[in-house]
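> Pasting a structure below so you can have a look.
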Amino acid sequence: MAHPRVDAIVEQARAAVAVAQSSSELEAIRVGVLGRQGSLTQLLRSLGTLPAEERPLVGSAANEAKRELEGLLDARLAATAEAERQAERRRRRLDLTLPGRRPPKGSLHPLTRVHDEIVSVFAGLGFSVAEGPEIESDYHNFEALNIPRDHPARDMQDTLYLSDSTLLRTHTSPVQIRTMLAQKPPVRIIVPGRVYRRDNADATHNPTFHQIEGLYVDQKVTVGDLKGTVEFVFREIMGSDVQIRFRPHYFSYTEPSYEIDFTNSLVKKMGKDWLEIAGCGMVHPQVFETVGYDPEVWTGWAFGFGIERIAMLRYGINDIRLFYENDVRFLKQF
Ligand code: DAH
């Protein structure tokens with residue numbers, strides 16, 4: 001039951017469907033043929049204007065064509081839409097084989113590295129870490145260490161006072177006092193920490209720097225214990241070619257007192273024989289009296305040195321200010 005006018009529309013529609021690439025093209029074809037203004041819809045609507053004997057022929061041919069085209073478009077649309085969904089899924093699929101994006105990773109500051117190493121060597125000898133405040137009382141920083149107000153030893157450390165009785169601690173030694181006041185002997189501590197001096201910054205000075213203090217109190221402790229410990233620790237940190245020399249010195253909280261000179265191949269390379277690296281001595285009996293330890297029973301040694309000094313030697317850094325500038329080009333090298 002064909003009719004040439006209907007056949008023409010069907011042929012055209014089939015041809016268009018055959019080459020359509022996407023669901024939107026198919027949808028456009030549907031509208032063009034079967035939509036309100038579509039060619040087939042228009043033909044059906046104009047049946048009344050045809051001669052009476054043609055109407056049933058054209059009418060039934062057009063209805064048949066309408067069913068056929070609806071079926072054809074539905075099938076193609078379903079297939080195309082599914083293909084499009086699959087393509088979209090493929091496009092979005094997570095590729096687990098791609099390398100991940102790594103966040104940029106930082107590294108430890110050279111002072112932190114040296115600090116951690118020193119702490120771990122002392123931990124191996126049974127020392128624990130003690131801490132104290134950076135804003136310190138004049139009493140702990142000076143008086144209790146046998147440095148009264150008018151004592152010339154105060155001139156050894158240019159001090160930043162906050163008031164008459166408080167200051168920024170000039171060394172880690174006040175933590176010796178705090179620790180002994182707080183616990184009974186024996187004592188085996190190291191005290192890493194930040195200290196302050198009224199210095200102008202240059203290649204070897206900075207108003208803020210870091211020290212490590214050591215304090216060992218027990219019965220029958222000798223200078224030999226002190227020297228052996230210091231030598232062992234410096235060899236652990238700086239290598240087995242390290243040599244140590246004790247030079248008599250004065251500190252008010254130790255008696256006898258020494259400065260520790262240090263040398264190894266790095267020092268020789270700098271063209272020097274010895275480098276002054278720490279202060280130390282046997283804890284002064286008066287300090288024991290002050291904290292309530294019996295100086296007839298208890299003996300001990302103490303030392304203090306700068307972490308920056310060690311780190312500069314260790315890494316061949318020639319300007320102390322580099323540690324504090326937070327320049328990534330410097331920090332990246334550690
Ligand atoms: N506190 C001293 C300084 O900052 C270093 C020092 C010397 C610490 C002798 C000590 C010591 O514990 O016994 O220069």
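> Out of all the residues in the stretch 296-311, which are open to solvent by less than 40 Å² (accessible area, probe 1.4 Å) and either over 23 Å from the mean Cα position of the chain (by Cα) or within 14 Å of the ligand (Cβ to nearest atom) (or both)?
GLY300, TRP301, ALA302, PHE303, GLY304, PHE305, GLY306, ILE307, GLU308, ILE310
> Just need a number here: residues in the stretch 9-34 that are outside any helix (DSSP H, G or I) and touching a helix residue (DSSP H, G or I) at 6+ places or on another chain (Cβ under 7 Å).
Going through the stretch 9-34 one residue at a time, the tally reaches 2.
> Taking the stretch 291-306, which residues are over 19 Å from HIS171 (Cα atoms) and of a type in the set (Val, Ile, Thr)?
VAL297, THR299
> Of the numbered conditions (1) within 14 Å of the ligand (Cβ to nearest atom); (2) over 28 Å from ASN318 (Cβ atoms), SER163 satisfies every one except a single condition; which is it?
Only one criterion in (1) within 14 Å of the ligand (Cβ to nearest atom); (2) over 28 Å from ASN318 (Cβ atoms) is unmet by SER163, namely (1).
> Please go through the stretch 65-97 and pick out each residue that is touching a residue at least 12 places away in the same chain (Cβ under 8 Å), under 54 Å from the mean Cα position of the chain (by Cα) and either at positive phi or open to solvent by 60 Å² or more (accessible area, probe 1.4 Å) (or both).
Across the stretch 65-97, the qualifying residue is only GLU84.
Every residue, every condition in (1) touching a residue at least 60 places away in the same chain (Cβ under 8 Å); (2) within 16 Å of the ligand (Cβ to nearest atom), yes or no:
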site	(1), (2)
PRO192	yes, yes
HIS210	yes, yes
VAL217	yes, yes
ASP225	yes, yes
VAL230	yes, yes
PHE234	no, yes
MET238	yes, no
ASP241	no, no
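> Right, something else. Which ranges mark the strands (runs of 3 or more DSSP E) fully within the stretch 134-251 that have 1 or more residues being open to solvent by less than 50 Å² (accessible area, probe 1.4 Å) and within 19 Å of SER120 (Cα to Cα)?
The qualifying strands (runs of 3 or more DSSP E) are 187-196, 208-218.
The values are calculated or read from the model by the stated rules, or taken from the named source; none is laboratory data. All of these numbers come straight from a predicted model, not from anything done at the bench. No Cβ is skipped: glycine too gets one built from the backbone with ideal geometry, and neighbour counts run over all protein chains shown. Accessible surface areas use protein heavy atoms only, side chains included; no ligands, DNA or RNA. Shrake-Rupley method; radii C 1.70, N 1.55, O 1.52, S 1.80 Å.
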